[in-house]
Amino acid sequence: MLYARLIVMRLCKAVIVLFLIVIFNFFLIQMAPGDPAAILAGEAGATDQEFLDQLRERFGLDQPLYVQLWRYVSGIAMLDFGYSYRLGAPVFDLIMARLPATLLLTGTAFVLSLVLGIVAGSMAAARVKKPSGSLIMALALLFYATPLFWVALMSVVVFSVYLGWLPAYGLYTVGAGHTGFALVLDVARHLILPATTLALFFMAIYTRMTRTSMLDAAQQDYVKTARAKGLKPGIIQRRHILRNALLPIITLAGLQAGQMVGGAILTETVFAWPGIGRLMFEALQQRDYNLLLGIFFFSAALVIVFNIITDLVYRLADPRIKGGS
Amino acid sequence: MKTPLALAISAAALTLTAAAMADEPRSGGTVNTIIQPEPPGLVLGMVQNAPTRTVAGNIYEGLLRYTTELEPVPQLAESWEVSEDGHTYTFHLRENVTWHDGEPFTADDVVFSADVFHRELNPSARAVLQHVESIEATDDHTVVFTLTEPFGPFLISFEAGTFTMVPKHLYEDTDFRNNEHNDHPIGTGPFKFANWERGTVIELVRNDDYYEEGMPYLDGVNWHIIPDGGSRAVAFENGTIDVLPSGTVENFDIPRLSAMDNVCMTEEGHEYFSPFAMLWMNNREGPTADKRFRQAVMYAMDREFARDVLWNGLGDVPLSAFGSNARFQHDGLEPYDHNPDRARELLEEMGYDGEAITILPLPYGETWTRWAEAVQQNLREVGINVSTQATDVGGWNQRLGDWDYDLAFTYLFQYGDPALGISRTYLSDNIAKGSPWNNVQGYENERVDELFNAAATAFPDEEREALYREVQEILHEDVPVGWLMELGFPTLYRCDVQDLVTSGVGVNDGFKDAWLDR
């Protein structure tokens with residue numbers, strides 16, 4: 001019951017927040033230099049006034065700003081995200097078409113970084129004064145400090161160009177005509193490099209954070225009590241230390257999960273992964289306002305949803321947190 | 001007894017015969033190539049972007065096709081006649097052509113495409129159609145264009161990318177831009193649209209009912225969409241990609257890629273476009289409003305250096321405001337050599353006081369950024385106080401459209417004739433805010449207007465030539481814009497892809513003749 005009330009309250013707030021985000025984004029985008037009609041005409045390499053006027057009229061850009069805003073907001077209220085200027089297709093369809101690829105990539109990276117990060121962090125915490133523990137932390141620091149694009153490019157150079165083990169780009173092998181299980185395998189092979197690239201940074205953070213908060217928790221009195229009553233170190237490590245150390249990790253995981261829709265621009269670009277991040281970047285360059293606003297909306301909605309989920313998971317992990325506040 | 005020369009000749013003849021035998025085109029195979037950036041749509045006429053032309057030029061066709069010398073050759077029109085006064089053009093169409101959906105292609109389609117579709121949607125075609133009084137189908141396979149006055153470049157305007165033939169039976173009386181067939185373009189070309197996996201690939205397949213017997217040779221063409229230049233280079237390097245159309249990899253990757261085994265390179269196939277790199281110079285205000293300043297900029301720039309270092313030695317330093325492929329180029333003008341001393345003299349003469357100016361590089365990749373840096377250094381050497389400003393495509397468009405710049409890089413297509421691709425930059429009635437492709441620099445010269453307008457409609461060519469010579473002399477003196485380079489855009493491909501570039505628009509309609517020697 002408590003959960004149900006919490007969720008309802010949070011969803012009501014979410015609607016208000018989303019509304020404000022839509023308005024804010026709308027004006028933010030108006031401040032960018034350049035308008036979509038001019039860019040579309042510019043791309044064509046030749047234009048005349050008639051062409052520009054046609055485009056502006058079609059996009060509704062000839063209307064005063066408040067009319068444009070009203071049209072947009074009332075559209076959103078009916079879940080109509082409008083048309084992409086450049087691609088001439090409904091924004092909703094475009095986003096839905098790209099969403100699976102992005103979720104596959106970011107979801108895999110999320111699970112990979114979370115699992116490996118917590119495992120590596122726990123190992124490092126258990127081996128705090130040993131060389132193996134230091135090695136884990138040194139690697140974590142390296143991955144934490146290395147720019148993503150560099151990791152991406154280097155992994156392509158090593159694993160695709162020199163070793164030839166993995167495909168360099170794309171979601172699947174074009175023209176191979178794989179179906180069924182062969183297609184799944186093919187996609188999985190294509191997924192390895194981008195997902196690993198994307199996972200490394202967060203994995204490093206999880207590792208460092210897990211270790212720190214586990215060492216912190218290990219100093220607590222209840223751990224001493226557990227040791228005193230003769231529990232095995234492994235059990236103490238998992239049940240008493242790790243569980244109590246999880247809260248900051250959940251916070252961070254919530255943040256990472258919120259970025260799953262739009263957070264992979266670089267990785268998707270380098271690996272030609274047909275996801276939302278690329279769609280967003282191209283929309284930004286083209287000043288494809290409707291499309292950009294649509295993606296912003298989805299990203300914002302996802303952040304809000306994951307905030308709610310994070311709050312719920314807190315309560316599961318730590319029953320001391322109660323109530324709807 | 002044969003002389004050594006005769007021996008050499010017969011040996012050469014033998015080699016040629018052998019080569020000809022090996023060069024018998026074979027059917028089969030799919031070519032993988034790149035399209036960059038991903039086009040917004042594939043219906044030519046509705047969309048005019050370079051990537052759309054590159055893919056859709058293999059789906060759609062125009063009445064004529066052009067050789068690399070820009071000579072018209074038959075495509076959908078089998079033959080054509082021009083009346084003696086240059087007013088009437090009669091096209092005889094092929095009779096065995098069908099659209100990809102099986103409907104026959106007839107003269108009605110031509111009239112609809114030109115008179116309705118392009119007049120409404122296509123600014124490049126509109127520029128030509130304003131000279132056309134009427135378009136009539138006199139029978140199913142004959143079309144007569146009657147012009148209001150002779151128009152010199154008329155015959156060069158029928159390239160597929162500019163003057164596409166679209167199917168009347170699918171578009172007539174519909175909202176063209178929301179037509180359901182836009183997602184599945186129907187043309188008459190050698191390849192049919194098969195599939196577009198957004199963000200991944202556009203797949204074309206062989207048109208089995210193509211009107212030229214046995215053609216095309218390829219089973220299909222896959223246009224891979226890879227947004228990162230480095231990744232595109234890798235895809236070519238590791239063998240996934242067979243053809244890199246020009247402009248798909250950064251210039252600094254080209255020497256490395258072209259040095260690989262079994263990789264060939266051609267500069268042909270851009271004659272129709274002949275991209276001409278220019279430096280817009282604001283003629284309205286600031287030091288750039290002074291002709292002597294603009295001349296000084298021309299003398300200060302080391303254009304050979306830019307070509308050799310930034311463009312791998314490909315391309316030509318222009319002799320005049322007219323490029324070498326646009327016809328009527330004046331080759332007797334005194335060139336603006338790299339001459340910093342002359343530049344300093346001119347600056348002193350005008351009394352340049354060191355007023356700060358800016359350069360906008362073209363936001364199209366590394367080479368352009370570096371080029372702007374090179375020009376900045378050239379200009380500083382002669383004492384011009386200049387700095388570069390970075391923008392993205394949207395910002396660049398707006399700055400030029402609002403005339404808010406001092407110097408700005410750009411490049412323009414020449415479309416094979418001064419009246420199509422060159423006069424637009426200098427005509428004073430082509431000054432209008434909001435477009436980065438018109439007379440952006442704000443150059444006004446009555447005599448230049450007169451000459452360009454007269455030359456477009458003069459008949460025959462000798463008369464045009466005289467007018468264009470005079471206009472080039474004036475422009476050369478006035479320097480309304482800086483002429484940087486006629487760009488060399490190389491196409492890289494595996495050497496076993498044969499007959500890839502056979503026309504003046506290169507790979508835009510090149511897969512028609514291509515075949516794989518594998």
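A few remarks follow.
- For segment B:172-256, a simple Cβ point-charge model (Lys and Arg +1, Asp and Glu -1, everything else neutral) yields a dipole of about 400 debye relative to the Cα centre.
- Listed residues A:Met31, A:Met280, A:Met123, most fluctuating in chain A (Gaussian network, C-alpha, under 10 Å): A:Met31
- Per-residue [θ]222 nm for the protein assembly as shown (sum of -39500 (n - 2.57) over DSSP H runs n ≥ 4, rounded to 500): -14000 deg cm²/dmol
- C-alpha long axis of helix B:366-381 to longest principal axis of chain B, angle in °: 20
- For segment A:126-171, convex hull volume per residue from C-alpha positions, Å³: 114
- With q set to 0.19 Å⁻¹, the log10 of I(q)/I(0) for segment B:472-518, from the Debye formula over equal scatterers at the Cα positions, is -0.67.
- By definition, a body whose alpha carbon gyration tensor gives a ≥ b ≥ c is prolate when a/c is 1.5 or more and a/b is larger than b/c, and the protein assembly as shown fits this prolate description.
- Calculated P(r) tail over 14 Å for segment B:40-81, as whole % of Cα pairs: 54
- Whether chain A is rounded, prolate or oblate, judged on the alpha carbon gyration tensor where a/c under 1.5 counts as rounded: oblate
- Rounded to 10°, Cα long-axis angle of helix B:4-22 versus longest principal axis of chain B: 60
- Overall Cα dimensions of segment B:402-518 - principal axes, largest extent first, Å: 59, 40, 24
- At most 15 other Cβ within 10 Å, DSSP loop - trypsin sites (Lys or Arg not before Pro), segment A:241-325: A:Arg320, A:Lys322
- Geometric descriptor of segment A:1-76, per residue, is 111 Å³ (volume of the convex hull of the Cα atoms).
- Dipole magnitude for the protein assembly as shown: computed about the Cα centre from +1 point charges on Lys and Arg Cβ and -1 point charges on Asp and Glu Cβ, it is near 8420 debye.
- All Cα-Cα distances of segment A:1-128, cut into 5 Å bins from zero to the largest, leave 2, 8, 10, 13, 13, 13, 11, 8, 7, 5, 4, 3, 1, 0, 0 percent in each bin in turn.
- The shape of segment B:54-117 can be summarised by an equivalent ellipsoid whose semi-axes, obtained from the alpha carbon gyration tensor, come to 21, 17, 12 Å from longest to shortest.
- Computed over chain B, Kirkwood Rh from alpha-carbon pairs, angstrom: 24.6
- Neighbour counts of other Cβ atoms within 10 Å put A:His190, B:His270, B:His87 in the fewest-to-most order B:His87, A:His190, B:His270.
- On Cα atoms only, tilt of B:446-457 relative to the major axis of chain B in degrees: 10
- Sum of side-chain charges, B:Asp341 neighbourhood, beta-carbon under 14 Å (Lys, Arg +1; Asp, Glu -1): -4
- On a per residue basis, the convex hull of the C-alpha atoms belonging to segment A:141-232 measures out at 152 Å³.
- The count of lysine pairs in the protein assembly as shown whose Cα atoms are under 27 Å apart, excluding pairs fewer than 8 places apart on the same chain, comes to 13.
- Loop sites in segment B:154-208: GluC sites (Glu not before Pro), DSSP, at most 14 other Cβ within 10 Å: B:Glu172
Each value in this text was obtained by applying a stated rule to the coordinates, not by laboratory testing. Predicted, not measured: the structure shown is a model, and the values here were computed from it. Cβ: placed from backbone, ideal geometry, glycine included. Neighbour counts: every protein chain shown.
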